[in-house]
Structures are given as structure tokens and as C-alpha cells.
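Working notes, beginning with the structure itself.
The values are calculated or read from the model by the stated rules, or taken from the named source; none is laboratory data. Please read all numbers here as calculations on a predicted model, not as lab measurements. Note that each Cβ is placed from the backbone with ideal geometry, even for glycine, and that neighbours are counted across all protein chains shown.
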Amino acid sequence: MNSLINEVTQRIIERSQTTRAAYLAKIEAARIQGPHRGSLSCGNLAHGFAACGKADKADLTSMVKANVAIVSSYNDMLSAHQPYEEYPAILKAAINEVGSVAQFAGGVPAMCDGVTQGNAGMDLSLMSRDVIAMSTAVGLSHNMFDSALMLGICDKIVPGLLIGGLSFGHLPTVFVPAGPMPSGLPNKEKARVRQAYAEGKADRNELLKAESESYHSAGTCTFYGTANSNQLVVEMMGLHLPGSSFVNPGTELRDALTKAAAVQATRITDLGDNYTPIGHIVDAKAVVNGIVALLATGGSTNHTMHLVAVARAAGFIVNWDDFADLSRATPLLTRIYPNGSADINHFTAAGGMSLLFKELLDNQLLHNDVKTICGEGLDLYTKEPVVRDGELSWVDGPSASLDKTVVATVAEPFKQDGGLSVLEGNLGRAVMKTSALRNPHCTFTAPAVVFEDQFDLDDAFNSGQLNRDCIVVVRFQGPSAIGMPELHRLTPPLGVLQDKGYKVALVTDGRMSGASGKVPAAIHMTPEAYKGGLLAKVQDGDLIELDTKTGVVNLLVDDAELAQRENKPADLSKHAQGMGREMFASMRLAMSGAEEGACALFSEQGNLHDA
């Protein structure tokens, strides 16, 4: 095993001894109350299966057949989740065929950052993860179930399902993907039209045409943002069937994998000999494997918060130093947009998940002594699924990349590190995704241009005020301020400035997520401005130093001057009302800092509040 990866794993285990022990004790206490519906009174149980058919009622009464919960994020507005409309019937039929029962336990909300970005609804986005976690817990709370199937794809949905599922860590849990849409307009062309629009060289009709040709059918968006990062990480943690993450919807293989996932959820319950609860699968080694895979593929920076929160739900305390050290040990092995021009379908064609598993395992970059929903170890995940003569099986995957511009080797990587830098200085701590930068490092000092709302940057850009070397500061965007929206509308204008030859960067306590691109962006700054971070005292013209080589982000203003400056709060009133935001006021105040997962569900000790 790579010595640095092993060292990081061991220190996570050591710092989490108390919290992990408390978590394991909690889920073991829940386990011994089972079989779960057996602890219900006759009245309780009658309510629980009142709507079932006669055969299912008999099976549920017998206490020897599994009852599988289905928790779904289906809605038909979002392309990624639209395929889930048919899944409950498919899953129930597959489970009935093997003599067990499935019930739809509950739905969870699923919002799309692609729809809400730049709009008021985006202020609810990050907090929706915690709502999804709580909704999952409500669905599972009836104590009727022996295992669970989680149906979710995008941004906050999968982390929320993970956190909610881990709160019922005694239940075996299988995640069921729906797959990416077929490739449409190449991502490079989409980015070109977006930038042309920002420059005034393309009109809205041209922009909408390009966007519609890119996002064009049912399935996950094909760029490598948070949604596809979710799928890759969950498979790497052993919670998907091998090779199931990136199979297109509506195909024979997709349907076969969906049915197989349903059957697998019946095989690993506590009613048989292969009991494999999610709380045992998600251990420190699985978490590290997920982070390594994220870094090896240049995945979403949102996971510097999501995986921290997921780890805490399982009793582990992970911080950004762990990410930074794992990044140093992990070479960049893929080029998927925005880190390249290929999309997720191209990645699959070039070798996909089976090749990625093989390359990382062969070079001792993954822990193989882990549990998965398919048993011990990750060797099965180096194979890929196929359907032959109507039967699903797994065969050896490619032994080498079929497109070396998309998937590289550890011996000849695209970069020697995973492309994630942690920056620290008097401004606080932030992360920067360097894997997509034109140059491997960001090292420069420039005057600050300060904004307290992302929309104010448009006027400054259009008037030419930003035509110079500068570091744009967008503050009061953090979790407790306004819910930490993504700031993607900043990328096209800053990209235009960069193309004009200016040295520009962004420093913010907001998010940029998986689509973080070519502009250096020190994001997730903590402590956030709203909670007294020094970012609140930055003024126009102050020099800021950014250096990913040394890991520095500093405000170059002497302490005496800073002591005289007031910490003036921003006027956030327009972010507090409308689009449901007023209902989330208490959640915003309870949100932890970005490095603690930006989560309202955890105590200061890192446990879930009710642990």
C-alpha cells in the first residue's frame, strides 16, 4: 500500500476512535432489535403492510423474507432523475421473483444546480443535502425494513442519501444509478459559446441552442461535475454493483443492472449468512478510497465538503489536510471536462471504471481489504458488466487505456498529483482545484476587487473595470450567510479576462463545485466572512498573495491597519426572503464551516447530534 495513503488512513482512524466506536455501538444496538418488523406490535405491522397484496402480506408476516425499502429522488423535471419513474416497479418485480418484498419507503427532494445557478433557488442548494438526509431517515424510520435501495444521482442528493442511510447504518444499503445521457454537443464547443456570449459575440438564441444540444435527453449531464463524481465515488466505496455507474438509461444493460441491484439487496440482509450493513462498508479505508478516486479523476471540489460530512455520519473525522496529502500521493489519471475535452461516455469507452480500479489497485493506491455490497475486496470491480443471451455477467475489462488522451497510467499520468491544493494564511483556509488550470500552479500577487454579491461583478466586467491583473473577492457567500450557493456565473467573465492576457483569480467563501475550470479559484474560504473571517475586512486595492506551491493565501495588509478596520456586516436581506429561503434561517445559523462539511446535522465533536 502506498505509504502516504496508508499514513493518512491511519491518522483518520486514530483521530476518530471515539466517534467511530460510538457510531458502531449505535448501529449494533439498532441491529439487535431485528428482524425489524418483528419488533412491531400487531397494530403497527398491520399499518405497515395494509396496502400490500395478499401474497406480500403473508411474506411480511412470516418474518423470514426480506422487506427492502426503496428511497427515491425521482422527479421528471431533472434529466438525471427522470429515469427513476419506472424503477420502483422494476425493483419490486425483481425482488418478488426471488421471494422477497419491496416497499416504496419515501421520496426525497432533488434540486438541480444547473437550473438554479444564478437564481434565488440556488441559496437552498447546499442545505437541501441535509433535508435529503433527514427525509431518508423519515422514510426508513418505520422499522419495517431489512435493507434499502437508494435511488439518486446528482449534486446534493447522493451525499444526502449517504448521510441518511448511514444514520440507519445497521441496514444493508445498495445505491442504484440511472446513468448518463448519451453524448451531445461537445463540452469544448459548449464552453466556447458560453464565453462568446459573455463577450457579447453570441446572442441568447445561440447560447440556448448550444446548451440544449449539450443537455438534451434523460440521464445525467455528461461533464464531470458533482453528479458524475458522486457516482464514481460511490462505486469506489463499494456501494454500487461493479461497472454500473455510467451505463446509459434505457439500455438492456442498464435494466439488467437495476434488477441485479434489487436482488443483491436481498442477499446481504441480517436474515441470511452474508449480513453486510452500510455502516460496516463505509469505514476509514472506504472513505480514503473514495477520496483517492476523486483526486485521480479531477472530480468535484464539492466533495471536500460532502465526503467530510459523509465520513462524520459514519463516525470518522476527515479534514482538508487529509485531502491535500492524498492529492500529493495520487496522480491525475483522467481528462474529463472541465479537466479535458472528453465527457463521461468517452471515459467509459476508453476503459472506464474497471480500468480505473485496475490501475489504482495495481499501483497500491487503493485499500483492497474492504467490504462491498458484493463481498470482500475490490477485485470484482476490475471487471465490467455485459449482457449475453439475456444474462448479466461480469467479464475482464480492458487491461490498457483505449484512448490515452482520456485515461492515462500511473507510470505516465497527466499530472503527478491529484490537482487539489489546500491554501492557508491570514485569510483562513481554502481549497483550489488545480487539475483544470492551464499551468500546474497558481503563483501571483494582485490587488483585490471586492464584491458582496456575485451579480455585482457583471456591471464591473461590462464597464471594463476588471481589465487588469486582479484577484476578485466575492464574500458573504458562505454556509451561514446565504447557504453557500455555487458561483458559476463568475466563470465566463473571468475566463474572458484571462484570455485577454490578464492575471486573474477568485477568492470566495462560496462554491464553484465540479465545474471549476481554468480560472484559479480559492474557494470554500473558512472562516467565512459572515462569521468574522478576515475576508470581511478586505478592501478594494489590498494586495492578496496566492501560491499553490507554498500553499499560501494571504492578505498583505499590516496588522495595525487591519485592527482599525471594522467588520461591517453585508446586507443579506434579499437572500433571506422568497423562494422558501425564510424557512431555512435556523438551518443556515446551524451550518458548520466548509471544512467541517458545511452541515447542520453534526455536533462539535463530529457525531451526528443524536449519536
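Going by the conditions given, is residue 522 in contact (Cβ under 8 Å) with a residue 24 or more places away in the chain and either exposed (fewer than 15 other Cβ atoms within 10 Å of the Cβ) or not assigned by TED's automatic domain parsing to the domain that holds residue 320 (or both)?
It is true that residue 522 is in contact (Cβ under 8 Å) with a residue 24 or more places away in the chain and either exposed (fewer than 15 other Cβ atoms within 10 Å of the Cβ) or not assigned by TED's automatic domain parsing to the domain that holds residue 320 (or both).
Are there any pairs with C-beta distances below 8 angstrom linking a residue in the stretch 143-160 that is closer than 17 Å to residue 486 by Cα and in the same structural domain as residue 59 (by TED's automatic domain parsing) to a residue that is part of a loop (DSSP other than H, G, I, E, B) and β-branched (Val, Ile, Thr), with the two at least 6 apart or on different chains, and if so which?
Short answer, once both residue conditions are applied: 157/108.
Exactly one condition in (1) touching a Pro at 6+ places or on another chain (Cβ under 7 Å); (2) closer than 27 Å to residue 181 by Cα; (3) buried (at least 19 other Cβ atoms within 10 Å of the Cβ); (4) not charged (D, E, K, R) is false for residue 341; which is it?
With (1) touching a Pro at 6+ places or on another chain (Cβ under 7 Å); (2) closer than 27 Å to residue 181 by Cα; (3) buried (at least 19 other Cβ atoms within 10 Å of the Cβ); (4) not charged (D, E, K, R) applied to residue 341, the lone miss is (3).
Being surrounded by 24 or more Cβ atoms within 10 Å (Cβ to Cβ) and in contact with a Pro (Cβ under 9 Å, 6 or more places away or on another chain) is true for just one of 333, 326, 360. Which residue is that?
333
Can you tell me which residue in the stretch 406-416 is surrounded by the fewest Cβ atoms within 10 Å (Cβ to Cβ), limited to those that are out of contact with any Pro (no Cβ under 6 Å at 6 or more places or on another chain) and over 18 Å from residue 518 (Cβ atoms)?
Taking the candidates together, the pick is 411.
Yes or no, residue by residue, for (1) at positive phi; (2) modelled with pLDDT of 95 or more; (3) not acidic (Asp, Glu):
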{"site": "309", "(1), (2), (3)": "no, yes, yes"}
{"site": "334", "(1), (2), (3)": "no, yes, yes"}
{"site": "360", "(1), (2), (3)": "no, yes, yes"}
{"site": "379", "(1), (2), (3)": "no, yes, no"}
{"site": "384", "(1), (2), (3)": "no, yes, no"}
{"site": "390", "(1), (2), (3)": "yes, no, yes"}
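For residue 205, only one of the following conditions fails: (1) among the polar types (S, T, N, Q); (2) out of contact with any Gly (no Cβ under 9 Å at 6 or more places or on another chain); (3) buried (at least 17 other Cβ atoms within 10 Å of the Cβ). What is its number?
Among (1) among the polar types (S, T, N, Q); (2) out of contact with any Gly (no Cβ under 9 Å at 6 or more places or on another chain); (3) buried (at least 17 other Cβ atoms within 10 Å of the Cβ), the lone unmet condition for residue 205 is (3).
Is it the case that some residue within the stretch 48-61 is among the aromatic types (Phe, Trp, Tyr) and more than 28 Å from the chain's Cα centre (by Cα)?
Yes.
Scan the stretch 226-247 and report the pairs whose first residue is at positive phi and assigned by TED's automatic domain parsing to the domain that holds residue 307 and whose second residue is in a loop (DSSP other than H, G, I, E, B) and modelled with pLDDT of 95 or more, with Cβ atoms within less than 8 Å and a gap of 6+ or a chain change.
Hits for this filter: 238/370; 238/373; 238/374; 238/378.
Return only the number of the condition from (1) surrounded by 15 or more Cβ atoms within 10 Å (Cβ to Cβ); (2) within 24 Å of residue 170 (Cβ to Cβ) that residue 44 does not satisfy.
(1)
Exactly one of these conditions fails for residue 532: (1) under 24 Å from residue 431 (Cβ atoms); (2) modelled with pLDDT of 95 or more. Give me its number.
For residue 532, the exception is condition (2).
Can you tell me which residues in the stretch 250-302 are basic (Lys, Arg), under 27 Å from residue 26 (Cα atoms) and touching a residue at least 12 places away in the same chain (Cβ under 8 Å)?
Hit for the stretch 250-302 is 285, nothing else.
Quick check: is even one residue across the stretch 561-569 over 30 Å from residue 233 (Cα atoms), outside any loop (DSSP other than H, G, I, E, B), within 30 Å of the chain's Cα centre (by Cα) and in the same structural domain as residue 441 (by TED's automatic domain parsing)?
no
Kindly indicate whether any position in the stretch 350-370 is of a type in the set (Gly, Ala, Ser), more than 29 Å from residue 172 (Cβ to Cβ) and not assigned by TED's automatic domain parsing to the domain that holds residue 502.
The answer is yes, given that some residue of the stretch 350-370 is of a type in the set (Gly, Ala, Ser), more than 29 Å from residue 172 (Cβ to Cβ) and not assigned by TED's automatic domain parsing to the domain that holds residue 502.
With a cut-off of at least 3 residues that are under 28 Å from the mean Cα position of the chain (by Cα) and closer than 16 Å to residue 432 by Cα, name the strands (runs of 3 or more DSSP E) lying wholly within the stretch 442-557.
470-474, 504-508, 521-526
State which residue is surrounded by the fewest Cβ atoms within 10 Å (Cβ to Cβ) when the search covers only the stretch 208-239 and only residues that are of a type in the set (A, V, I, L, M) and more than 26 Å from residue 285 (Cβ to Cβ).
In this case the residue turns out to be 208.
Residue 401: in a loop (DSSP other than H, G, I, E, B) and free of Cβ contacts under 8 Å to residues at least 60 places away in the same chain, yes or no?
Considered against the rule, which asks whether it is in a loop (DSSP other than H, G, I, E, B) and free of Cβ contacts under 8 Å to residues at least 60 places away in the same chain, residue 401 comes out as yes.
Yes or no: residue 200 small (Gly, Ala, Ser) and free of Cβ contacts under 8 Å to residues at least 12 places away in the same chain?
Spelling it out, residue 200 is indeed small (Gly, Ala, Ser) and free of Cβ contacts under 8 Å to residues at least 12 places away in the same chain.
Restricting to the stretch 363-382, and then to whatever is hydrophobic (A, V, I, L, M, F, W, C) and within 18 Å of residue 399 (Cα to Cα), can you tell me which residue is surrounded by the fewest Cβ atoms within 10 Å (Cβ to Cβ)?
The qualifying residue surrounded by the fewest Cβ atoms within 10 Å (Cβ to Cβ) is 380.
Just one of the numbered conditions (1) surrounded by 23 or more Cβ atoms within 10 Å (Cβ to Cβ); (2) part of a helix (DSSP H, G or I); (3) among the small types (Gly, Ala, Ser) is not true of residue 191; which one?
Result: residue 191 passes all but (1).
Collect the residues in the stretch 419-441 that are farther than 14 Å from residue 335 by Cβ, surrounded by fewer than 21 Cβ atoms within 10 Å (Cβ to Cβ) and in contact (Cβ under 8 Å) with a residue 40 or more places away in the chain, keeping them in residue-number order.
Selection gives 424, 425, 426, 441.
On the given criteria, is residue 389 within 26 Å of the chain's Cα centre (by Cα) and surrounded by fewer than 16 Cβ atoms within 10 Å (Cβ to Cβ)?
So residue 389 does not fit the description; no.
Are any of the residues in the stretch 439-450 under 26 Å from residue 119 (Cα atoms) and aromatic (Phe, Trp, Tyr)?
Looking for residues that are under 26 Å from residue 119 (Cα atoms) and aromatic (Phe, Trp, Tyr), one finds none in the stretch 439-450, hence no.
Every residue in the stretch 97-107 that is surrounded by fewer than 24 Cβ atoms within 10 Å (Cβ to Cβ), of a type outside the set (Gly, Ala, Ser) and part of a strand (DSSP E or B), please.
Residues satisfying the conditions are 103, 104.
Tally the residues that are under 19 Å from the mean Cα position of the chain (by Cα) and in a helix (DSSP H, G or I), restricting the search to the stretch 108-120.
Total meeting the criteria: 4.
Of the residues that sit in the stretch 141-174 and are among the polar types (S, T, N, Q) and not in a helix (DSSP H, G or I), which one is surrounded by the most Cβ atoms within 10 Å (Cβ to Cβ)?
173
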